[in-house]
Every structure is written in C-alpha cells, then in structure tokens.
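Read through the structure below, which is laid out as structure tokens, and then see the notes.
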Amino acid sequence: RQEYSYSPFRGSTLGEETTLRGRGRITAIRMWSGYNSFIFGIQFRFGPIWSRTVGSKVGVLQEIQLFEGEYIIQVSGKYGRYIQQLIFVTSRGRFLIAGQPTFQSFNMFPERKDAELIFIGVRFQRALTAIAAHWAVVNQTTW
C-alpha cells in the first residue's frame, strides 16, 4: 500500500477509539441511524466478508453495495458532540447517507485522485462521536 494519506478525526473526543478494517477492498457499507438523529452503528464488507459492527444495530439500516471496480472517494458529514450525518461517496458518483444535516460540516478525501478509502478510525459512545479516514492507491492485482 503505497501512496497513503490520512484524514484526521473529525468530531468530538468522547468515547472509545477503534478501527474498522479488514482484508481486501471495501465492497459494501451499512449504517444504522435514528430518525433525525445520530449514527448508532457502522459496518464495512471487505471483499466477501462483513466486518464486525462498530456501535450498535439500532434504528434504520442504510446499505450500499459497491459494483466491481467501484470504491469510496469521499467521506463527508456533520458533527456536534456526536456524528450527526455521514455520507460515503463512490467513484461512480453514488452515495450512502445517514443521519441529519445539522451542526459542523466536514469533508474528507484522499490526496491523490486515484486513491480510495481503505479503512476508518471511529470513536463511539452510545453513538458515533468521531471518524477518521485512511486512503491509499490500491494495486488491484495484489490487493
């Protein structure tokens, strides 16, 4: 994994910090959110395998399955004490959105245009409180 970049945590310092990572490329994302509320849980699929869920499977489930060769190029949202809204944008212009558009905005993207999201850092305390993004140019023959 060369051509790596990092988007530092946006959100608050509340809660326990962990990473959501796995083997292979991100192929799907699930988020659970309350009605006009916080992001309670998040889960990635890496290749064919779903990761553990960070947070809880509470509220409304939103999911996006990525097409072959599609990847995440941007992570945006809003935060106060908690992550209020989270948006994942794909290389095909599709997106997954959960939560509500209130409070402070953030926008994360890789330094190189051909890089993609490879994993995230998360802080969690009853709901997601912060997120960080790790990006890399992925060599598809060795990934």
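The values are calculated or read from the model by the stated rules, or taken from the named source; none is laboratory data. The structure displayed is predicted, hence computed values, not measured ones. Note: ideal-geometry Cβ built from the backbone for every residue, glycine included; neighbour counts use all protein chains shown. Remember, those area values only see protein heavy atoms, side chains included, never the ligands or the DNA or RNA. Shrake-Rupley method; radii C 1.70, N 1.55, O 1.52, S 1.80 Å.
Considering segment 113-136, the residues that are touching a strand residue (DSSP E or B) at 6+ places or on another chain (Cβ under 7 Å) and among the charged types (D, E, K, R) include one that is farthest from SER5 (Cα to Cα), namely ARG123.
Could you count how many residues in segment 79-95 are over 12 Å from LEU128 (Cβ atoms) and surrounded by 20 or more Cβ atoms within 10 Å (Cβ to Cβ)? Count: 2. Evaluate the following for GLU116: is it among the charged types (D, E, K, R), under 27 Å from GLY47 (Cβ atoms) and within 15 Å of the chain's Cα centre (by Cα)? Answer is yes for this residue.
Only residues that are over 16 Å from ILE26 (Cα atoms), in contact (Cβ under 8 Å) with a residue 40 or more places away in the chain and in contact with a Lys or Arg (Cβ under 8 Å, 6 or more places away or on another chain) were counted across segment 105-133, and they come to 5.
Entry remark, segment 100-121: residues being within 19 Å of ILE39 (Cβ to Cβ) and modelled with pLDDT under 95 number 4 in total. Exactly one residue out of GLY11, GLY15 is closer than 21 Å to ILE97 by Cβ and in contact with a Ser or Thr (Cβ under 6 Å, 6 or more places away or on another chain), and it is GLY11. Residues in segment 1-37 that are assigned to a loop (DSSP other than H, G, I, E, B), open to solvent by 80 Å² or more (accessible area, probe 1.4 Å) and either aliphatic (A, V, I, L, M) or within 18 Å of GLN84 (Cα to Cα) (or both): 3 in all.
Within segment 49-70, does at least one residue satisfy the condition of being buried (at least 18 other Cβ atoms within 10 Å of the Cβ) and under 12 Å from ILE118 (Cα atoms)? Checked against the condition, which is being buried (at least 18 other Cβ atoms within 10 Å of the Cβ) and under 12 Å from ILE118 (Cα atoms), segment 49-70 yields no hits at all. Among the conditions (1) farther than 16 Å from ILE87 by Cβ; (2) open to solvent by less than 20 Å² (accessible area, probe 1.4 Å); (3) touching a residue at least 40 places away in the same chain (Cβ under 8 Å), ILE42 misses just one, which is (1). Among the residues of segment 101-138, which ones are farther than 17 Å from THR13 by Cβ and surrounded by fewer than 16 Cβ atoms within 10 Å (Cβ to Cβ)? Passing the criteria: PRO101, THR102, SER105, ASN107, GLU111, ARG112, LYS113, ASP114.
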